[in-house]
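First the structure, in the form of structure tokens, and then the observations on it.
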Amino acid sequence: MESKLIFDNGATYERYMGVWSQLAGETFLEWLTPKPGLRWLDVGCGNGAFTELLAARCAPAALEGIDPAEGQLAFARARPVARLARFTLGDAMALPHGDDTFDAAVMPLVIFFVPVPAKGVAEMVRVVGSGGTVAAYAWDMNGGGFPYELLHAELRAMGEVVPVAPQPNASRLDVMQDYWTDAGLAAVETRVIKVQRTFASFDDYWTTILGAPSAGATLAKMTPADLARLQARMRHLLPADATGRITCSARANAVKGSVPG
């Protein structure tokens, strides 16, 4: 049995996934090569980690983020980017915006959480004007690209339940390409984004995952003996360098396309 992921704490998410989101987001935006002065929509903006990157890198004329979790939005509204961006509670499959409202819509690390991914893509197409960009990136869940996949694999091997995204297939490169093509987008392209993150120590890594919705609750229920066994295994899989730091890798799939004129 698998349980669902629920993200409702913006501060915890920032340490756990916000850093990863921005690492992948930097490469993603370089690939998009957007012009300055665009009107942007960040679909599934969460705590605003990627929205902040959009503000810093893209000189937007307007910037909006939408997310279904009020706890995440509260964190986003406390960020410096809130001086420029507007954050709204809403559903990716029923965007509260009119047709042709934006020049670009992005879905960062979100498509595998959308109950009907194709509907979410169609909504982005609807709210973006002719010639605009619709794009997304998401961890390659089926291909082992999730940043904490090593930990999850060890937990599963121990018979523990690990929460998963409800639509893991949605982040496959071929599936994402099909979503974009089927939505009528033009000049559809895909790419793989590889990133690494360095933690100051194993303890830094461990305390990061303790508060994570994907594993924190599972770890909290484990016996001290099982936790010690898991920690020993993870220390082996994530060896520290001479300064005690450990480095983890992740892989995301990305897709982009243009709204036909």
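The values are calculated or read from the model by the stated rules, or taken from the named source; none is laboratory data. Bear in mind that the values here come from a model prediction, so they are computed numbers and not experimental data. Virtual Cβ from ideal backbone geometry, glycine too; neighbours counted across all protein chains shown.
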Could you list all residues from the stretch 59-71 that are in contact with a helix residue (DSSP H, G or I) (Cβ under 7 Å, 6 or more places away or on another chain) and closer than 17 Å to residue 95 by Cβ?
-> 63, 65, 67
Say whether the condition of being of a type in the set (A, V, I, L, M), closer than 30 Å to residue 132 by Cα, in contact (Cβ under 8 Å) with a residue 12 or more places away in the chain and not in a loop (DSSP other than H, G, I, E, B) is met by at least one residue in the stretch 231-252.
-> yes
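Condition check ((1) hydroxyl-bearing (Ser, Thr, Tyr); (2) surrounded by fewer than 23 Cβ atoms within 10 Å (Cβ to Cβ); (3) in contact with a His (Cβ under 6 Å, 6 or more places away or on another chain); (4) without any contact (Cβ under 8 Å) to a residue 60 or more places away in the chain) across all residues:
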position	(1), (2), (3), (4)
50	no, no, no, yes
56	no, yes, no, yes
72	no, no, no, no
85	no, no, no, yes
105	no, no, no, no
Subset of the stretch 148-170 [closer than 28 Å to residue 257 by Cα and touching a Leu at 6+ places or on another chain (Cβ under 9 Å)] = 164, 165, 166
The listed residue being hydrophobic (A, V, I, L, M, F, W, C), in contact with a His (Cβ under 9 Å, 6 or more places away or on another chain) and over 30 Å from residue 126 (Cα atoms), out of 240, 225, 215, 200 | 215
Of the residues in the stretch 66-119, those that are over 24 Å from residue 175 (Cα atoms), outside any strand (DSSP E or B) and aliphatic (A, V, I, L, M) number 9
Among the residues of the stretch 35-56, how many are polar (S, T, N, Q) and outside any helix (DSSP H, G or I)?
-> 1
How many residues does the stretch 211-258 contain that are surrounded by 13 or more Cβ atoms within 10 Å (Cβ to Cβ), at pLDDT below 95 and either within 19 Å of the chain's Cα centre (by Cα) or charged (D, E, K, R) (or both)?
-> 6
Is there a residue being under 30 Å from residue 103 (Cβ atoms) and either of a type in the set (A, V, I, L, M) or part of a helix (DSSP H, G or I) (or both) anywhere in the stretch 197-208?
-> no
Which residue, of 191, 79, is surrounded by 16 or more Cβ atoms within 10 Å (Cβ to Cβ) and either at pLDDT below 95 or under 28 Å from residue 261 (Cα atoms) (or both)?
-> 79
Just a yes or no: is a residue in the stretch 145-166 at negative phi, among the charged types (D, E, K, R), assigned to a strand (DSSP E or B) and more than 18 Å from the chain's Cα centre (by Cα)?
-> no
